[in-house]
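Shown next, in structure tokens, is the structure this report addresses.
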Amino acid sequence: MRVLAVTHGPDVRPEVFADVIVEDRHELVEWDIRTHGAPSSEFDAVIVLGGDQNVGDELEHPWLHEEYDVLRRWVDERMPLLGICLGAQTLAHAFGATVEPIGTTLSGFYESRLTDAGEQDPVLGVLPGRFEAFNANGYRFDVPDAAVTLATGPVPQAFRVDGHAWGIQFHPEVRRDQVLKWFDGDETLTRPVEELARELDAKLGAWQEHGRRLCRAFLAVAAG
């Protein structure tokens, strides 16, 4: 399969997901929508990653409008789609849901739970019923009216639109150094970065294994 990874900057690449895609002999194409505009539909699956931009920043980042439009197009075309963090927020916004600041920054692992629908979902259902999910976000989404809630936590964690498009607030793709770079000098961080590093050392390995399973489940749905 040809898998497209839509990025919003150099520090938000597919990381662990890229490893899985290459290991499983798929073709990975990375596409920075900020500089290249909306991509075509000549792919078998799309992953839309995170970023330090936010829904509501359209004056500063006018390409967000292109992202909303292409997300709606892909859903109409039944493209297998997975939005992560900002990618989930833009997907939620594209389908009419509210995306707004939390009032604080989530940074670390938070207890999350699959809903009944999540346990039956072909992608989210590979996760345990209860799990600690890595969040790194100051914004949250409401689940669109047309979507199904798949996971809950300190903020809504996952939903599915129209049977083939998923939005997840947490980050199953991350690496340790990537996360620490995100929060280096970030004045919104509500905990010492050294504490976050220790938590990553203790929990990231197991979390990345969950991420690899989730990625493979998404690819299996796309291939099917």
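What follows is calculated from the coordinates using simple rules that are stated; it is not laboratory data. Because the structure is a prediction, the values reported are computed rather than measured. No Cβ is skipped: glycine too gets one built from the backbone with ideal geometry, and neighbour counts run over all protein chains shown.
Things to note:
- Antiparallel DSSP beta bridges within the chain, as percent of all bridges there, nearest 5: 55
- Distant-in-sequence amide contacts of ASP32, defined by a placed amide H-H separation under 5 Å and a gap of 5 or more residues or a different chain, comprise THR7.
- By the beta-carbon count within 10 Å of each Cβ, the least crowded to most crowded order of THR152, THR7, THR90, fewest first, is THR152, THR7, THR90.
- Net dipole in debye of the range 2-223 [+1 Lys, Arg Cβ; -1 Asp, Glu Cβ; about Cα centre; nearest 20]: 560
- Longest DSSP-loop-exposure-free segment, GluC sites (Glu not before Pro), the chain, at most 12 other Cβ within 10 Å: 78-186
- Across the range 74-186, Cα-Cα pairs more than 22 Å apart make up 29 percent of the total.
- Taking trypsin sites (Lys or Arg not before Pro) as exposed when their DSSP state is a loop state and no more than 12 other Cβ atoms lie within 10 Å, the longest site-free interval of the chain runs over 79-224.
- With only the Cα atoms considered, the range 1-47 has a convex hull volume of 60 Å³ per residue.
- The range 138-224 pair-distance distribution - Cα-Cα, 10 Å bins, rounded %: 14, 37, 34, 14, 1
- Calculated FRET efficiency, LEU59 to ARG175, Cβ-Cβ distance, R0 = 30 Å: about 0.40 to the nearest 0.05.
- Where the alpha-carbon atoms of the range 1-137 are placed on the principal axes, they occupy 41, 38, 29 Å, in descending order.
- Ranking of TRP207, TRP166 by neighbouring Cβ atoms within 10 Å, starting from the fewest: TRP207, TRP166.
- Counted charge near ASP76, where neighbours are those whose Cβ lies closer than 14 Å (Asp, Glu -1; Lys, Arg +1): 0
- Averaging the Cα positions of each part gives two centres, and for the range 11-68 and the range 170-200 these lie 21 Å apart.
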